[in-house]
């Protein structure tokens, strides 16, 4: 099973960052606008439409306010298994860290998913940095 891990750092507060991430129905407006164009909620999951037109159902596995950690999986798309997590941490230097980790099969989806996580993290960086302004 392949794993991709990406981290960003922002001056936005950990509580503001977590608020944007835990708002699972607002990916397209609060967290990653431009990367995600629509999000619809259904019981236990969200339906996500990406800028490339791909639509995935993402069951929510964990929404842990104490650990500031969101875990989800994905149905549809290019993988037969996908599990991902976003975790928010307050750093000693006053910055906030967001780590996005994804585990998936098949391993050869790594090229496509590497580009996706890069685009998603760039959109997230812009949104979170705007919270600090």
Looking at the range 109-122 only, could you name the residues that are out of contact with any strand residue (DSSP E or B) (no Cβ under 8 Å at 6 or more places or on another chain) and either farther than 21 Å from residue 69 by Cα or not in a helix (DSSP H, G or I) (or both)?
111, 112, 115
Residue check for residue 8: out of contact with any helix residue (DSSP H, G or I) (no Cβ under 8 Å at 6 or more places or on another chain) and assigned to a strand (DSSP E or B)
no
Is there a residue being more than 20 Å from residue 101 (Cα to Cα), at pLDDT 95 or above and within 13 Å of the chain's Cα centre (by Cα) anywhere in the range 39-46?
yes
Flag for residue 30 being out of contact with any helix residue (DSSP H, G or I) (no Cβ under 7 Å at 6 or more places or on another chain) and either surrounded by 14 or more Cβ atoms within 10 Å (Cβ to Cβ) or free of Cβ contacts under 8 Å to residues at least 24 places away in the same chain (or both):
no
Those residues that are free of Cβ contacts under 8 Å to residues at least 40 places away in the same chain and assigned to a loop (DSSP other than H, G, I, E, B), I need them from the range 55-105; list them, please.
66, 67, 74, 76, 77, 78, 79, 80, 92, 93
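The values are calculated or read from the model by the stated rules, or taken from the named source; none is laboratory data. Predicted model only: the values in this text are computed from it and were never measured. Every residue, glycine as well, gets a Cβ built from its backbone with ideal geometry; the counts of neighbours run over all protein chains shown.
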